[in-house]
Ligand code: FES
């Protein structure tokens, strides 16, 4: 199965990473089939409580499905002080119930959103801030189309709760107009229909921030969290190679 | 004005056509500025989510929506394919069929509303085993899907008192008896889904009696009639818009029943509606490509030239029970004697819809594998067997083109260096490598297209055409053609596409769009230019035939000082813009476009015989396409097609649970698609001798998406010496085949 990594830069599964590039494989190497077994167990924990208490640390490991159970669901996060129905769930945590206002710093601007515990970052970007570059392709994050940066790290906006990013800095593809990545995508025609492209652009930005001198093998191994149905991978590869050379 | 003779500029005079031009909307797509249907939010819109049927075959008895209607923020519950109270039950034949829609203030509320619906079902027996002909026959789930026979004239005719079928059977058996080599095999390819990354759907509203639809569609000019029919209004009351579409691949030609439901909900609620399928629904009902399975027997002479082909294939296109069309068997190759038969299998699945190169990839993958097995049986070089069989193909005039393309492909993949007999390659640990080939064909005739071109007295240029850009770069090609013809920089022309209020242009299906818009835009630009030349000729007192448009001016050929700038020339127009509407009808004889291409693809793979994992080392595509318009986007089309072939050959398949019929892998975490690291090295070669250029524009979208599957399957067989019969070649299937071969 295809699994995803919340933090880009690595591949979406270690098994896949190992078997990604033939050139790296010594004579006696054995491939590990990438579709055997679960390497991303957290995707399969379908947590379905009516309310939810979450610490900052665990927020990357849970499914959002648990939050879709009702607007009355509660969520506790360490960064949000709810003005409505806060109650202490554990030391350092507050419980948020119902609709609340949060501020997110998006592309350098502080923006206010009205969110429920179940509201995802993707919902807020697309429906409240009219930032529709991040796309709703697979809500479980397995397509990477909703990739944005939170505090500089690539995350899927579709699997990130809005409350979890309150007060944080979010960067979306819309702010990358002056960045070298979109220009390289245009130059190498790394887009056809373009629906996967914004997610890929952000993923590439995050990848290059971490591996500015990546080799071709590293690029092939490190950008497997995103899907393109039109098949622009060859062009994306060329674009990323050119960006590394440009460094 | 002299009559305009349509033509393309000569190669050395082209500034843009045939060059590498970056797509004009690339920056918008890369930075999220491009607005797709899913991205359009209308003021006061409601979001719709629908309940998909959880059963492959059932009757929906009743729906209790009372709890859903109570959810704060739910505005309307709308029945789609479900009975109203007191109505007869509704039979459902496919998992995912949309039953009931909930319109609400937000996506989350709509989803919550859905979870409160209470639906009563009566389960019915389902059948989904499309690969199992005997089981289908036992369950009476089969349907004749055509067939035929052709025998060499030299074999004579049956006598009047002969039973024709018996006579034919006898002749076929005689042909096999005379054959030096006989190969029997079975092959298959599973159903796959279109899986457009932007799901099917619309954002729409009523403006009085006028329906205004933002639709994710490949058919901007002609979905209005679909709405009109269903909603009992007339097509002139429907406007369809689609600036950007996130994938279609043949599945987005109609409003679809959920599109009609969106319009009905908008009418009932008086609010704009956004209704797009979820990922799960997109895979289940957004479109699928029929499966194909085949029993083949072929007989060849001592040179490996196939003399007789006998096949029976079956597969499913869902509950209407058709299969891959029989007309293309065997694919490209056409021995002198053939008999072929097809059986459709009726399964409880959505009916299939067109998929990039309908029927061809499957026909190629399940017949050219048999030709490769002939090479394996003879212990001959597959390339030689493919070359020798070019003497019997369905378009004999193409045999030299294929031969040349095979030679080019072989050079590019270093065939002679890497070739070994089937199963006889060097083993590195558990890894073996192999080579394989597939060849293909396609028509690619230009679709009908009209273009309105306006030249303003201040020099402004704008065009209007109801075409769409699926990602093939249509918008850019429109601009290139206008700019090239008018001698202007590409930024100087403003291209408008994606609205049904613009002049008609055909649907994007069958590789018809680049031809279509090249026809309409070149014609319009040549006609406008002729009118402008008349004005300039008068002014400069020279004959109009002596004028040319280049580098932003109109000048006398050979006298660059005798010229007017584009702006000066346009000022001669007067106060009203110069307008021309060109009309091109599909099938009109034209020097600008034609049809019929050939192509070959080769694959080099590595197979791990311990784990069954197949890796692409390299793929090569050699493709002719007439006049290349935009070299950059044309190349991308072929890269993308290769990657789609890899997807169907190694990864993607619809999996139905055999007991319940449920489509069980309808999310992207288990509907496997290749990732960036899965594609190996890809090489694209445009086969374009001067004779190709002279043919004009030919569509390119489909052909390179055809033969990659056969090439990969053949390469795996060459590597392992064992045929893995059914695509995708998953690790399990590879291991099963290896185990069976070991006995
Ligand atoms: S460009 Fe269409 S999905 Fe990537």
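Numerical summary
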read-out	value
Unmet requirement for residue A:177, which otherwise passes all of (1) surrounded by fewer than 23 Cβ atoms within 10 Å (Cβ to Cβ); (2) more than 16 Å from the ligand (Cβ to nearest atom); (3) touching a residue at least 12 places away in the same chain (Cβ under 8 Å); (4) at the interface with chain B (Cβ under 7 Å from one of its Cβ atoms)	(3)
Residue tally, condition in contact with a helix residue (DSSP H, G or I) (Cβ under 6 Å, 6 or more places away or on another chain), surrounded by fewer than 24 Cβ atoms within 10 Å (Cβ to Cβ) and at positive phi, over the stretch B:434-488	1
Those residues of the stretch B:662-678 which are more than 7 Å from chain A (Cβ to nearest Cβ) and closer than 21 Å to residue A:136 by Cβ, in sequence order	B:663, B:665, B:666, B:671
Among (1) touching a strand residue (DSSP E or B) at 6+ places or on another chain (Cβ under 7 Å); (2) under 22 Å from residue B:441 (Cβ atoms); (3) in a helix (DSSP H, G or I) - the single one residue B:377 does not satisfy	(2)
Filtered residues of the stretch B:601-645 (kept if assigned to a strand (DSSP E or B), within 13 Å of another protein chain (Cβ to nearest Cβ) and either closer than 29 Å to residue B:478 by Cα or under 19 Å from the mean Cα position of the chain (by Cα) (or both))	B:621
Criterion (in contact with a helix residue (DSSP H, G or I) (Cβ under 8 Å, 6 or more places away or on another chain), modelled with pLDDT of 60 or more, assigned to a strand (DSSP E or B) and within 11 Å of chain B (Cβ to nearest Cβ)) met by exactly one of A:114, A:135	A:114
Filter pass, residue B:691 being away from the ligand (no atom under 16 Å from the Cβ), over 23 Å from the mean Cα position of the chain (by Cα) and away from every other protein chain (no Cβ under 14 Å)	yes
Count of residues meeting criterion [within 16 Å of the ligand (Cβ to nearest atom), in contact with a helix residue (DSSP H, G or I) (Cβ under 7 Å, 6 or more places away or on another chain) and outside any helix (DSSP H, G or I)] in the stretch A:203-227	4
Test: residue in the stretch A:156-171 that is facing chain B (nearest Cβ under 9 Å) and either within 16 Å of the ligand (Cβ to nearest atom) or assigned to a helix (DSSP H, G or I) (or both)	no
Residue ID - nearest to residue B:202 (Cα to Cα), chosen from residues in the stretch B:222-257 that are more than 16 Å from the ligand (Cβ to nearest atom) and in a loop (DSSP other than H, G, I, E, B)	B:255
Strands (runs of 3 or more DSSP E) contained entirely in the stretch B:65-115, each with at least 2 residues that are assigned by TED's automatic domain parsing to the domain that holds residue B:42 and under 24 Å from residue A:126 (Cβ atoms)	B:74-79, B:98-104
Search result, residues across the stretch B:449-490 that are within 14 Å of chain A (Cβ to nearest Cβ) and farther than 25 Å from residue B:585 by Cβ	B:471, B:490
Count - residues of the stretch B:573-588 that are more than 32 Å from the chain's Cα centre (by Cα) and surrounded by fewer than 16 Cβ atoms within 10 Å (Cβ to Cβ)	4
Residue B:239 being surrounded by fewer than 23 Cβ atoms within 10 Å (Cβ to Cβ), more than 14 Å from chain A (Cβ to nearest Cβ) and touching a strand residue (DSSP E or B) at 6+ places or on another chain (Cβ under 7 Å)	yes
Residues of the stretch B:80-114 that turn out to be more than 12 Å from every other protein chain (Cβ to nearest Cβ) and out of contact with any helix residue (DSSP H, G or I) (no Cβ under 9 Å at 6 or more places or on another chain), as a count	13
Conditions (1) crowded, with 24+ Cβ neighbours inside 10 Å; (2) touching a residue at least 12 places away in the same chain (Cβ under 8 Å); (3) at the interface with chain B (Cβ under 10 Å from one of its Cβ atoms); number of the one not met by residue A:187	(1)
Sole exception among (1) more than 9 Å from chain B (Cβ to nearest Cβ); (2) surrounded by fewer than 23 Cβ atoms within 10 Å (Cβ to Cβ); (3) out of contact with any strand residue (DSSP E or B) (no Cβ under 6 Å at 6 or more places or on another chain) for residue A:127, by number	(1)
Condition met for residue B:657 (surrounded by fewer than 24 Cβ atoms within 10 Å (Cβ to Cβ) and touching a helix residue (DSSP H, G or I) at 6+ places or on another chain (Cβ under 8 Å))	no
Hits in the stretch B:576-600 (condition: in a strand (DSSP E or B) and more than 30 Å from residue B:645 (Cα to Cα))	B:578, B:579, B:580, B:581, B:582, B:583, B:584
Hits in the stretch B:4-36 - residues which are part of a loop (DSSP other than H, G, I, E, B) and more than 14 Å from every other protein chain (Cβ to nearest Cβ)	B:4, B:5, B:6, B:7, B:8, B:9, B:10, B:14, B:15, B:16, B:17, B:18
Where a residue in the stretch A:193-205 is under 13 Å from residue A:179 (Cβ atoms) and facing another protein chain (nearest Cβ under 7 Å) and its partner, wherever it lies, is within 11 Å of the ligand (Cβ to nearest atom) and assigned to a loop (DSSP other than H, G, I, E, B), with Cβ under 8 Å and at least six apart	A:198/A:135; A:198/A:145
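Table: residues versus (1) part of a loop (DSSP other than H, G, I, E, B); (2) within 30 Å of residue B:222 (Cα to Cα); (3) within 16 Å of the ligand (Cβ to nearest atom).
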residue	(1), (2), (3)
B:410	no, no, no
B:438	no, no, no
B:447	yes, yes, no
B:480	no, yes, no
B:488	yes, no, no
B:509	yes, yes, no
B:516	no, yes, no
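Every residue, every condition in (1) under 20 Å from residue B:352 (Cβ atoms); (2) in a loop (DSSP other than H, G, I, E, B); (3) at pLDDT 95 or above, yes or no:
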| residue | (1), (2), (3) |
| --- | --- |
| B:136 | yes, no, yes |
| B:148 | no, no, yes |
| B:160 | no, yes, no |
| B:172 | no, no, yes |
| B:182 | no, no, yes |
| B:185 | no, no, yes |
| B:188 | yes, no, yes |
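The values are calculated or read from the model by the stated rules, or taken from the named source; none is laboratory data. Just so it is clear, the model here is predicted, and its values are computed rather than measured. Here Cβ is always computed from backbone atoms with ideal geometry, including for glycine, and neighbour counts include all displayed protein chains.
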